[in-house]
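No lab work stands behind these numbers, since they all come straight from the coordinates. What you see is a predicted model; the values in this text were computed from it and never measured. Don't worry about glycine lacking a Cβ; one is built from the backbone with ideal geometry, like all the others, and counts go over all protein chains shown.
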Amino acid sequence: MYVAYVDDSGDDGPTGSQSYVLACVMVVGARWAPTFDQLINFRRFIKRQFGVPVRAEVKANYLLRNGGPFRARPLSESGRRDLYRAFMRIQPKLGLTTFAVVVDKQRAQASSQARRAASDIAWEYLLQRLERRSHYEQTEILVNHDEGDHLAIRKRARRARRAGTAGSAFGTGTLSVPFLRLLDDPVPRSSAQSYFVQLADLAAYAAFRRLYPPPARPVQIVPQSTWDELGAARFTPVRSLSCGDPPGIVPAP
């Protein structure tokens, strides 16, 4: 069994951000407790190194702007870059697997998906990838997600459980592939109360910057290479490397 944690980056509307991203961090269910203990130890290390309280919520937006817990005790740009990198590098050490779906909103508007919300496209692609993992590994998956439009997410998940689809390997359209091993409805979680959701938030923004490099500046808090700091945690089966896309990132549509 896997416990999957999902968070987003970008806005859902047709304008605003260039993309809408969902990142998913997966934990082996049987190892959840020791993995969580290791994550707490990591947060204690972060407190010693950077002065960030163990229970503080660490999100990409806070690190980019010295917001949230960093407002009272700001970090330098290089310090925030190093902290962001540490949160990415800890994921393979914890045995986590991470992937992201990046919806290019301009491309979506020019395609057959034009009438769909970016979040709807992203969740469809994400649930398809989770279904494939559950199928090939013959295991169940429980999905947790950051608080938001829980009713819409629940509706998407229930649809995937009964009438899910996946792209044909032969390019002949879609196949009916119900997500039979999806456990219950997705569970909304406050990111402030979940270290794993916070990891998904950081991964989502890093995936965005992997495809959309930041503008040049003396210190890049999240340089284009940040996603690759995940190393072995990147869940590569979600995307064929022969496509030329970064490991663990699914461009959509």
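Some values worked out for this structure:
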{"item": "Failed criterion for Glu137 (all others in (1) surrounded by fewer than 20 Cβ atoms within 10 Å (Cβ to Cβ); (2) in contact with a Ser or Thr (Cβ under 6 Å, 6 or more places away or on another chain) hold)", "result": "(2)"}
{"item": "Residues being of a type outside the set (Val, Ile, Thr), out of contact with any strand residue (DSSP E or B) (no Cβ under 8 Å at 6 or more places or on another chain) and buried (at least 19 other Cβ atoms within 10 Å of the Cβ) - total across the stretch 80-93", "result": "5"}
{"item": "Exclusive hit being more than 30 Å from Arg115 (Cβ to Cβ) and either of a type in the set (S, T, N, Q) or surrounded by 16 or more Cβ atoms within 10 Å (Cβ to Cβ) (or both), set Phe50, Phe45", "result": "Phe50"}
{"item": "Residue ID - surrounded by the fewest Cβ atoms within 10 Å (Cβ to Cβ), chosen from residues in the stretch 104-123 that are over 14 Å from the mean Cα position of the chain (by Cα) and in a helix (DSSP H, G or I)", "result": "Gln106"}
{"item": "Selection from the stretch 79-103 of residues that are over 18 Å from Cys24 (Cα atoms) and not in a helix (DSSP H, G or I)", "result": "none"}
{"item": "Count of the stretch 212-253 residues which are touching a Pro at 6+ places or on another chain (Cβ under 7 Å), outside any loop (DSSP other than H, G, I, E, B) and either surrounded by 15 or more Cβ atoms within 10 Å (Cβ to Cβ) or of a type in the set (Phe, Trp, Tyr) (or both)", "result": "5"}
{"item": "Qualifying residues in the stretch 134-152 (those that are touching a strand residue (DSSP E or B) at 6+ places or on another chain (Cβ under 6 Å) and assigned to a helix (DSSP H, G or I)) - the one nearest to Ala204 (Cα to Cα)", "result": "His150"}
{"item": "In the stretch 62-78, the residues that are assigned to a loop (DSSP other than H, G, I, E, B) and either in contact with a Lys or Arg (Cβ under 8 Å, 6 or more places away or on another chain) or small (Gly, Ala, Ser) (or both)", "result": "Asn66, Gly67, Ala72, Ser76"}
{"item": "Some residue of the stretch 199-211 being closer than 23 Å to Gly29 by Cβ and either loosely packed, with under 15 Cβ neighbours inside 10 Å or β-branched (Val, Ile, Thr) (or both)", "result": "no"}
{"item": "Condition check for Ala117: touching a Gly at 6+ places or on another chain (Cβ under 9 Å) and over 28 Å from Leu39 (Cα atoms)", "result": "yes"}
